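Data first, discussion second: the structure below is written as structure tokens.
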Amino acid sequence: MDNYFWIGLVGAVAALLFAILQRQKVLAFSEGNDTMKKIASAIRQGANAYLRHQYTTVAKVFVVVFVILLALAYFGMLDNWFIPFAFLTGGIYSALAGFVGMRIATAANSRTAQAASESLNKGLNVAFSSGSVMGFTVVGLGLLDISVWFHILKYVAHFDAAKIAQTMVMFGMGASFMALFARVGGGIFTKAADVGADLVGKVEAGIPEDDPRNPATIADNVGDNVGDVAGMGADLYESYVGSILATFALGVAAYPDNSWSAMLLPISLAVVGILCSIACSFLIRTKEGASQRELLGTLRKGTYGAAILAAILAAPLTYFTVGNWGVYVAILCGLIGGCAIGYFTEYYTSDTYKPTQVLADATETGAATTIIGGLSLGMMSTIAPILIVGAAVIISFLAAGGSLATASANYADLFSKGLYGIGIAAVGMLSTLGITLATDAYGPVADNAGGIAEMSGLGEEVRERTDALDSLGNTTAATGKGFAIGSAALTALALLVSYVDIVKSKMDHAPDLSLTNPAVLVGLFVGAMLTFVFAAFTMSAVQRAAQSIVVEVRRQFREIAGIMEGKSDPDYASCVGLCTKGALKEMVNPSLLAIVVPIATGLILSVEGVVGLLGGVSVTGFAMAVFMSNAGGAWDNAKKYIEAGHHGGKGSDNHKAAVIGDTVGDPFKDTSGPSLNILIKLVSTVSIVFSGLIVNFHLL
């Protein structure tokens, strides 16, 4: 089986070629009139400028970490010299995935608005095609990175399967590191602009969303691209890569006599997922005047269809690799679990269902009850994802051959096989990421299209179509985040097990990992604390950056004569500049927490404390991420529900209360919430990479 890993390169090429074809399809559409082109150009320039500054800042941090890793390799605290260089490629590919997605999104926004002026289906087609570029670029680059490094380690370094697996599980650190910077920085930018624009424009001045008189409106549209596109692309790239690499390590432990096959299965499953996603992308189409429920059904055809097709093809794939039908059941657990999490996320965030409609009802009594209702909804929404992930973990563990009976003579072997089942379930959940991410990345494009339609004065019918696409995008974005968070929980568990296996191989005695060990208990508390401190850092960062935008927009309304009458243009560039400055300044501290805390915990509490830390941050981070993402999505769609004509419509007191709820939810769903799923995996990969340092420190 060791000669079949070229299949990963085939899958990467197929995904990247499809992304190129989709890009050409999008660019063939008309960009609209001169006003639309001018607005789109301003958004594009702002997004490019921000990413240039962000990547410059992150590059400096990467150089420092790279030098530290080289030093650790020199002193023998890393397994080999490849790890520092793989750290760089992971970061570069993660950044590239986000950059490509942002470039096509800023090219597609005005084209989507123009297409929506012709029909709803055409607008959906353009926006979804641009999202496909992002989705298939992410999976293509992910498989390319993994496959190239696999062939280098096998045919250049001549490592055996165990050495390759143990080395490659450390490769996810660069991707996770870049993803956290991209998500946090982009999230701060987009929500500072969004909150500032809404509070002053909608609530204080009473002007519509995306009104060209609002100085923050261009910054708001720029933020959609740098946060919800570039940040999300980097985020899901590291989720995709991390799940495959963790399963590599678990496969070698579970099947020592059949290691190559156990490593080949996650790669080939990812390739099958790409092909199924490409095939089902052609199912996405709708009719004029479609309701939100019908639009959701359209996207479900694609995502559910790809999952069903992948489930069918995974059966012979599993049989011819590991030959264990229980592993196939684990793959099904991942596929079904991903779809189930997506469904329940839709249920709690879409305005076609009761929870969001009840939240909209809460606006009848003001902003306070709206905020209380959203918090309650978000907390309640954690039940389904946690139970789904819990069921997936238990079923995949037992089905793949695991045993909970510690008295069994071959307990260690059975336990390893069960853990492989959990890892392959995570790969199964993410196998159709190409189309799942396409439905997610389409949302910011539709949002931008609505802004361009408003600012360029297109007809009310066009705005209704873009509003329908935007509302759908809010739900698919929440679904994508739920999907990413669910897979992160499974991947984090696999990485935790990989960490334990790696430190055991470096120690001359087995660590005491029982809950009665004080080091493990303290580590659990530190992990739980890290979740809340990280969320506090990111929330307060948005607050400070948003305050600067509020002050600036008020100043322009007060000092620039003729803005409200439409006789003078606002200074859009000043708001873009403030958001850029605030995001770059505020993104560093929360991102460094993920590196400093696990290393410090290990140096003080040894490996037992780190295991507790990983458990604590995984559990609390998962629940908190679901809560924040779903509460934010529900607040946003409750606002959209009112804007569609319910509870008094736009401009009513209910609408103002909903806008305030939405501004609270903005950093929940687009900054802190989605960043937490990166945090729990980055803490794990950092712990794995620096495990040699921790073990050696405590042997001194």
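Is there a residue in region 200-209 that is outside any helix (DSSP H, G or I) and more than 30 Å from Tyr572 (Cα to Cα)? Give the steps one after another, and end with the answer.
The initial filter retains those residues of region 200-209 that are outside any helix (DSSP H, G or I), namely 205-209.
Among the residues that remain, those that are also more than 30 Å from Tyr572 (Cα to Cα) are: none.
Within region 200-209, none of the residues are outside any helix (DSSP H, G or I) and more than 30 Å from Tyr572 (Cα to Cα).
Which residue is surrounded by the fewest Cβ atoms within 10 Å (Cβ to Cβ), if the candidates are limited to region 531-571 and must be more than 18 Å from Glu204 (Cα to Cα) and in contact with a Ser or Thr (Cβ under 8 Å, 6 or more places away or on another chain)?
Selected residue: Phe532.
For region 505-534, name all the residues that are of a type in the set (D, E, K, R) and either part of a helix (DSSP H, G or I) or without any contact (Cβ under 8 Å) to a residue 60 or more places away in the chain (or both).
Our first condition is that a residue be of a type in the set (D, E, K, R); within region 505-534, this holds for 506, 508, 512.
Matches in region 505-534: Lys506, Asp508.
Determine which single condition Asp257 fails, assuming it passes every other condition in (1) within 19 Å of Ala484 (Cα to Cα); (2) free of Cβ contacts under 8 Å to residues at least 12 places away in the same chain.
(1)
Need a quick list: helices (runs of 4 or more DSSP H) entirely within region 306-404 having at least 1 residues that are surrounded by fewer than 24 Cβ atoms within 10 Å (Cβ to Cβ) and of a type in the set (Ser, Thr, Tyr). Talk me through it step by step, then tell me what you get.
On the way: elements: 325-349, 354-361, 367-380, 383-399.
By residue number, 325-349, 367-380.
Do any residues in region 14-41 that are on the phi > 0 side of the Ramachandran plot have Cβ atoms under 8 Å from those of residues that are in a helix (DSSP H, G or I) and among the basic types (Lys, Arg), where the two are at least six apart or on different chains, and which pairs are they?
The qualifying pairs are Gly32/Arg111.
Given the options Val329, Val322, name the one that is closer than 18 Å to Ala399 by Cβ and under 28 Å from the mean Cα position of the chain (by Cα). Walk me through how you get there before you give the answer.
Numbers: Val322 fails: under 28 Å from the mean Cα position of the chain (by Cα).
After applying the criteria, what remains is Val329.
Considering region 268-308 alone, what residues qualify as being touching an Asp or Glu at 6+ places or on another chain (Cβ under 9 Å) and of a type outside the set (S, T, N, Q)?
So the first thing to find is which residues in region 268-308 are touching an Asp or Glu at 6+ places or on another chain (Cβ under 9 Å), and the list is 286-287, 292, 296, 300.
Matches in region 268-308: Lys287, Leu296, Arg300.
Is it the case that Gly577 is assigned to a helix (DSSP H, G or I) and either under 24 Å from Val65 (Cα atoms) or in contact with a Gly (Cβ under 8 Å, 6 or more places away or on another chain) (or both)? Talk me through it step by step, then tell me what you get.
Working: assigned to a helix (DSSP H, G or I): yes; either under 24 Å from Val65 (Cα atoms) or in contact with a Gly (Cβ under 8 Å, 6 or more places away or on another chain) (or both): no.
Criteria not met by Gly577.
Give region 69-88 a look and list any residue that's crowded, with 18+ Cβ neighbours inside 10 Å, under 15 Å from Leu153 (Cα atoms) and in contact (Cβ under 8 Å) with a residue 40 or more places away in the chain, or say none.
Asp79, Phe82, Ile83, Ala86, Phe87 - these are the residues of region 69-88 that are crowded, with 18+ Cβ neighbours inside 10 Å, under 15 Å from Leu153 (Cα atoms) and in contact (Cβ under 8 Å) with a residue 40 or more places away in the chain.
If you take the residues in region 93-121 that are free of Cβ contacts under 8 Å to residues at least 60 places away in the same chain and part of a helix (DSSP H, G or I), which one is surrounded by the fewest Cβ atoms within 10 Å (Cβ to Cβ)?
By that ranking, first place goes to Leu96.
Take Gly612 and decide whether it is buried (at least 24 other Cβ atoms within 10 Å of the Cβ) and either within 29 Å of Gly342 (Cβ to Cβ) or in contact (Cβ under 8 Å) with a residue 60 or more places away in the chain (or both).
On the way: buried (at least 24 other Cβ atoms within 10 Å of the Cβ): yes; either within 29 Å of Gly342 (Cβ to Cβ) or in contact (Cβ under 8 Å) with a residue 60 or more places away in the chain (or both): yes.
Yes.
Provide a single number: the residues in region 495-522 that are surrounded by 18 or more Cβ atoms within 10 Å (Cβ to Cβ) and of a type in the set (Lys, Arg).
Total satisfying the criteria: 0.
Just to be sure, is Ser261 surrounded by fewer than 24 Cβ atoms within 10 Å (Cβ to Cβ) and either on the phi > 0 side of the Ramachandran plot or not hydrophobic (A, V, I, L, M, F, W, C) (or both)?
Numbers: surrounded by fewer than 24 Cβ atoms within 10 Å (Cβ to Cβ): yes; either on the phi > 0 side of the Ramachandran plot or not hydrophobic (A, V, I, L, M, F, W, C) (or both): yes.
Considered against the rule, which asks whether it is surrounded by fewer than 24 Cβ atoms within 10 Å (Cβ to Cβ) and either on the phi > 0 side of the Ramachandran plot or not hydrophobic (A, V, I, L, M, F, W, C) (or both), Ser261 comes out as yes.
Step by step: first the residues of region 269-305, then only those that are outside any helix (DSSP H, G or I) and surrounded by 16 or more Cβ atoms within 10 Å (Cβ to Cβ), then the one that is nearest to the chain's Cα centre (by Cα). Which residue is that? Walk me through how you get there before you give the answer.
So the first thing to find is which residues in region 269-305 are outside any helix (DSSP H, G or I), and the list is 284-291.
Applying the additional criterion that residues be surrounded by 16 or more Cβ atoms within 10 Å (Cβ to Cβ) yields 284, 286, 290.
Working: Ile284: 22, Thr286: 27, Ala290: 28 Å.
Going through the qualifying residues, I end up with Ile284.
Could you look through region 637-655, keep only residues that are under 31 Å from the mean Cα position of the chain (by Cα) and among the small types (Gly, Ala, Ser), and pick out the one that is farthest from Glu460 (Cα to Cα)? Outline the logic, then answer.
Taking region 637-655 and keeping what is under 31 Å from the mean Cα position of the chain (by Cα), we get 637-644, 655.
Next, only the ones that are among the small types (Gly, Ala, Ser) stay: 638, 644.
Numbers: Ala638: 21, Ala644: 12 Å.
Top of the filtered list is Ala638.
Whether any residue in region 611-629 is closer than 30 Å to Ala42 by Cα, of a type in the set (A, V, I, L, M) and within 24 Å of the chain's Cα centre (by Cα) is what I want to check. Let's see the steps before the verdict.
Going residue by residue through region 611-629, those that are closer than 30 Å to Ala42 by Cα are 629.
Those left that are additionally of a type in the set (A, V, I, L, M): none.
Scanning region 611-629 turns up no residue that is closer than 30 Å to Ala42 by Cα, of a type in the set (A, V, I, L, M) and within 24 Å of the chain's Cα centre (by Cα).
Pairs please, first residue from region 535-556 and without any contact (Cβ under 8 Å) to a residue 60 or more places away in the chain, second anywhere and part of a helix (DSSP H, G or I) and crowded, with 16+ Cβ neighbours inside 10 Å, Cβ atoms under 6 Å, 6+ apart in sequence or on different chains.
Note: pairs meeting the criteria are Phe537/Pro590.
Among the residues of region 1-50, what is the count of those that are under 30 Å from Ala216 (Cβ atoms) and outside any helix (DSSP H, G or I)?
5
I'd like to verify a number: residues in region 433-461 that are buried (at least 22 other Cβ atoms within 10 Å of the Cβ) and farther than 17 Å from Ile207 by Cα, how many?
17
No lab work stands behind these numbers, since they all come straight from the coordinates. This structure is a prediction, so every number in the text was calculated from the model and none was measured. All Cβ positions, even for glycine, are placed from backbone atoms using ideal geometry, and neighbour counts span all protein chains on display.
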